[in-house]
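The values are calculated or read from the model by the stated rules, or taken from the named source; none is laboratory data. Computed from a predicted model, the values in this text were never measured in an experiment. When we count neighbours, we look across all protein chains shown, and the Cβ atoms used for this are built from the backbone with ideal geometry, even at glycine. Surface accessibility is based on the protein's heavy atoms, side chains included, excluding ligands, DNA and RNA. Shrake-Rupley method; radii C 1.70, N 1.55, O 1.52, S 1.80 Å.
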Amino acid sequence: MTMLIPYANLEPVSWKNGGGSTTEIAVFPPDAGFDDFDWRVSLATIANDGPFSMFPGVERTLVLVDGPGMTLDIDGAPTLLSKGEPVAAFDGESRVEAKLNRGASTDFNVMTRTERCWHRFGRRRLDGDSTFVARADVTVLFLAEGDSLELCSDDQRINLVRFDAVVLDPDTKWKLRAEQGAIFIVDIHYYDDEDDLDNEDGMYE
């Protein structure tokens with residue numbers, strides 16, 4: 001069932017080390033912990049330099065949403081996360097150290113457990129009407145930029161404001177209406193899915 005997740009209803013959880021906070025957007029199975037989720041989507045605000053937690057058996061994608069960004073040291077290799085290069089993908093078992101550029105940053109975080117599923121991340125600029133078809137087992141849309149977004153199908157109308165997310169039913173077609181903005185698209189595929197995984201609507205702009 002299609003599900004709207006209003007950002008206003010979510011609560012951030014502060015990290016034990018005081019270096020930031022995480023706001024969980026969606027997780028499956030519902031109420032799963034860090035050791036037993038299939039997939040997890042969240043926002044993290046990083047306020048101080050420091051190491052990331054390790055998640056063996058998990059693939060991760062991190063995307064800059066707000067702030068000046070940071071440099072990630074991933075297993076000894078520096079990776080700049082900035083407005084010009086906003087996406088980093090890495091293994092959850094990698095040793096990652098974050099060094100902020102000029103202040104706190106907010107990042108969009110996708111994690112999938114490799115023994116069960118995998119994900120593809122995409123972005124799309126919004127400028128007027130467009131269409132989107134949900135072709136994965138699970139598709140999450142996140143309004144990263146812009147004041148509002150309207151999604152319309154044959155029988156549903158959903159309105160999002162910035163940082164809201166929606167989980168879409170597979171094989172549903174939507175009309176997107178927004179003046180200006182950007183969405184993040186997370187396509188999650190389980191390994192028993194034999195369908196065509198080429199989602200042209202969800203690829204990078």
Of the residues in segment 107-130, those that are under 30 Å from Asn17 (Cβ atoms) and buried (at least 18 other Cβ atoms within 10 Å of the Cβ) number 10
Exactly one of Asp75, Asp91, Asp164 is among the acidic types (Asp, Glu) and more than 16 Å from the chain's Cα centre (by Cα), and that one is Asp75
Looking only at segment 131-147, decide whether some residue is open to solvent by 10 Å² or more (accessible area, probe 1.4 Å), more than 12 Å from Asp187 (Cβ to Cβ), of a type in the set (Asp, Glu) and in contact (Cβ under 8 Å) with a residue 40 or more places away in the chain. no
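Yes/no matrix, rows are residues, columns are (1) open to solvent by 20 Å² or more (accessible area, probe 1.4 Å); (2) in contact (Cβ under 8 Å) with a residue 12 or more places away in the chain; (3) in contact with a Phe, Trp or Tyr (Cβ under 6 Å, 6 or more places away or on another chain):
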site: Glu11; (1), (2), (3): yes, yes, no
site: Gly18; (1), (2), (3): yes, yes, no
site: Thr23; (1), (2), (3): no, yes, no
site: Pro30; (1), (2), (3): yes, no, no
site: Val41; (1), (2), (3): no, yes, no
site: Pro51; (1), (2), (3): yes, yes, no
site: Phe55; (1), (2), (3): yes, yes, no
site: Val58; (1), (2), (3): no, yes, no
I'd like to know if segment 90-105 contains one or more residues that are closer than 25 Å to Leu176 by Cβ and open to solvent by 10 Å² or more (accessible area, probe 1.4 Å). no
